[in-house]
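Report on one structure; see the data block that follows.
The values are calculated or read from the model by the stated rules, or taken from the named source; none is laboratory data. Predicted model, so just to flag it, every value in this text is computed and none were measured. Neighbour counts are summed over all protein chains in view; Cβ atoms, including those assigned to glycine, are modelled from backbone coordinates with ideal geometry.
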Amino acid sequence: MKLLKHRLCIDFVNTLGWRGREVPVEHLKTYNDLIKWSRQVGIITPQDANKLLQKADRHPAEGKKALNSAVDLRETIHRIFAAIIERQKPAKEDLAAFNSYLAKTMVPSQIIETKDGFDWDSNGDKSKMDWVLNPIIRSAADLLVSNELKKVKSCSDPTCGWLFLDISRNQSRRWCDMKDCGNRAKASRFYRKKQLLKKNKSAML
Ligand SMILES: [Zn+2]
């Protein structure tokens, strides 16, 4: 699926597309989908992905449980960000639910050396079926405490419902992606204008 690559947690929230439609588009229907997406965003290597998929074949109930956690986590993060975008306080139970996800990632978290210094490694035990959620939880926690939180916006097309990070200089971005939602809005504005011109013209006749 398409990625905005602003923040991992935002791309994760956007795995449910067209939130404003009667039937949104679910990209995480199976455990396999979750692992495929994790590969696409680069949080899991092909080798580790294969190991987890084989494990899910042997223990389908565990795979299903991990998928359910993923969807629950995603919707929790979405509700928290949606409230913040509306300048409201997130529900206490959503913050509590998020914090219990976070708590599980904190114990195995460690600081590792990287090329340019140090970084968090929140992956934890990679034999666990749901470890791929850990870097996503970390990403959401980081965004919540960062100055960029105020740049999180929701696409101006209410049927799209994608979140994005507005990193434009004057903070005036309205669409998740200018190439599709932005273009669609431009096209429909153009169409409406044309219809209006036609109407005015016929009124003049
Ligand atoms: Zn959009």
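Checking the stated criteria, Lys199 turns out to be of a type in the set (D, E, K, R) and not assigned by TED's automatic domain parsing to the domain that holds Trp18. For segment 22-69, the set of residues classified as among the hydrophobic types (A, V, I, L, M, F, W, C) and closer than 21 Å to Ser139 by Cβ consists of Leu28, Leu34, Ile35, Trp37, Val41, Ile43, Ile44, Ala49, Leu52, Ala66, Leu67, listed by residue number. Within the set Gly182, Gly124, Gly161, the sole residue that is assigned by TED's automatic domain parsing to the domain that holds Ile44, within 16 Å of the ligand (Cβ to nearest atom), among the small types (Gly, Ala, Ser) and surrounded by 13 or more Cβ atoms within 10 Å (Cβ to Cβ) turns out to be Gly161.
Look at segment 35-48: where a residue is touching a residue at least 40 places away in the same chain (Cβ under 8 Å) and a partner is of a type in the set (Lys, Arg) and surrounded by fewer than 18 Cβ atoms within 10 Å (Cβ to Cβ), sitting 6+ places away or on another chain with Cβ atoms under 6 Å, you get Asp48/Lys126.
Taken together, Ala70, Ala91, Ala66 contain a single residue that is touching a Leu at 6+ places or on another chain (Cβ under 6 Å), surrounded by 10 or more Cβ atoms within 10 Å (Cβ to Cβ) and not hydroxyl-bearing (Ser, Thr, Tyr), which is Ala70. Within the span defined as segment 188-195, one or more residues are within 16 Å of the ligand (Cβ to nearest atom) and not assigned by TED's automatic domain parsing to the domain that holds Ala83.
If you go through segment 131-145 one residue at a time, do you hit one that is without any contact (Cβ under 8 Å) to a residue 12 or more places away in the chain, over 23 Å from Ile35 (Cβ atoms) and either hydrophobic (A, V, I, L, M, F, W, C) or not assigned by TED's automatic domain parsing to the domain that holds Ile44 (or both)? Scanning segment 131-145, I find at least one residue that is without any contact (Cβ under 8 Å) to a residue 12 or more places away in the chain, over 23 Å from Ile35 (Cβ atoms) and either hydrophobic (A, V, I, L, M, F, W, C) or not assigned by TED's automatic domain parsing to the domain that holds Ile44 (or both), so the answer is yes. Look at (1) more than 17 Å from Arg74 (Cβ to Cβ); (2) away from the ligand (no atom under 16 Å from the Cβ); (3) at pLDDT 95 or above and you find that Pro108 fails only one, number (3).
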